[in-house]
Amino acid sequence: MEDRLIIKGIEFKSRLWVGTGKYKDFEETRRAIEASGADVVTVAVRRTNITDRKSENLLDYIDPNKYKILPNTAGCYTVQDALRYSRLAREAGVSDMIKIEVIGDEKTLFPDVIGLLEATEILAKEGFIVFPYTNDDPIMAKRLLDAGAAAVMPLAAPIGSGLGIRNPYNLKIILETIKLPVIVDAGVGTASDVAIAMELGCDAVLLNTAIAGAKDPIAMAEAMKHAVIAGRLAYKAGRIPKKLYATASTTFEGML
């Protein structure tokens, strides 16, 4: 209770947030999300029929009363498209929260940060709770804060790459310089990557491919759950300083 994650008045029970793409079917998606312990589930408005209740629907397997649904604008390459799908999700009653993506390059899927900043400002003024997917750039993080973002979501590495935390120093600078929750999004590959993000002091981690693409997605989902918990506990506990030379675990002071 003393370590709650609260964003814009919304309390989140888990610091692990998960996506819903790349699973073999909706049933595997459901089982993996359940094993992860996450209470935030992000879904692509453009690629998932969450707004169509007449056909088989992801929300038939993910109870909106149990999970917080976070729509995202994955696959949008323009500000106009990102705005359109954000508004579509809200009009369908999915959520006032939106994970905003404006992609700038088809090969790397790096964000178009200029477009991202514009979309964030517009949506924040319209009352959305905006979670922008961005580069690990401290200056852009500040600009997103000024634009009205509810949190910043810097990438650890390119989407789906599994490379892990490529630039922990930029993440540390972001954590030190902005007064917003920092949620690592994209690029983690396994549980140790998640633990590192949390040990740095990040508030949460959002991932998809690392679970969905694992040989055993259900087992990996559970591993990620424990990694977030362990990393957060380690961050709060405070690690020992690094030293060049050894320090004896047992001292000889007072011994004959």
Under the Karplus relation 6.51 cos²θ - 1.76 cosθ + 1.60, θ = phi - 60°, what is the ordered set of whole-Hz ³J(HN,Hα) values for segment 170-178, x standing for Gly and Pro? 5, 4, 5, 5, 4, 4, 7, 10, 10
Magnitude of the Cβ-charge dipole (Lys and Arg +1, Asp and Glu -1) of the chain about the Cα centre, nearest 20 debye, reported as 260
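Restricting the count to DSSP beta bridges whose residues both fall in the chain, what percent are antiparallel, rounded to a multiple of 5? Please report the intermediate quantities before stating the final value.
Working: 4 of 26 bridges.
Taking every DSSP beta bridge within the chain, about 15 percent pair in antiparallel fashion.
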Name the most mobile residue of Asn135, Asn167, Asn72, meaning the one with the largest mean-square fluctuation, in a Gaussian network model of the chain with Cα contacts below 10 Å. Asn167
Segment 175-235, dipole about Cα centre (Lys/Arg Cβ +1, Asp/Glu Cβ -1), debye to the nearest 20: 80
Among Pro111, Ile69, Ser86, flag the residue with its Cα farthest along the positive direction of the charge dipole of segment 66-120, charges on Cβ as +1 for Lys/Arg and -1 for Asp/Glu. Ile69
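So which GluC sites (Glu not before Pro) in segment 1-44 end up in coil per DSSP with only 10 or fewer other C-beta atoms within 10 Å?
Values: sites: Glu2, Glu11, Glu27, Glu28, Glu34; in loops: Glu2.
Answer by residue number: Glu2.
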Using a simple charge model, +1 on the beta-carbon of Lys and Arg, -1 on the beta-carbon of Asp and Glu, nothing else, what dipole does segment 126-206 show about its Cα centre, in debye to the nearest 20? 120
Build a GNM of the chain with springs between Cα atoms under 10 Å: which of Lys107, Lys68, Lys243 gets the top mean-square fluctuation? Lys243
Taking amide H atoms as placed 1.01 Å from N in the peptide plane, list the residues 5 or more away in sequence, or in a different chain, whose amide H sits under 5 Å from that of Lys99. Asn72, Thr73, Phe131
To the nearest 0.05, how large is the calculated FRET efficiency for Glu2 and Asp105 if R₀ is 41 Å and r is the Cβ-Cβ distance? 0.45
Two decimals, Cα atoms only, Kirkwood Rh: what is Rg/Rh over segment 1-155? 0.95
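Any read-out appearing in this document is the output of simple, stated calculations on the displayed coordinates, not a laboratory observation. Predicted model only: the values in this text are computed from it and were never measured. Cβ coordinates were reconstructed from backbone atoms using ideal geometry, including for glycine residues, and neighbour counts include every protein chain displayed.
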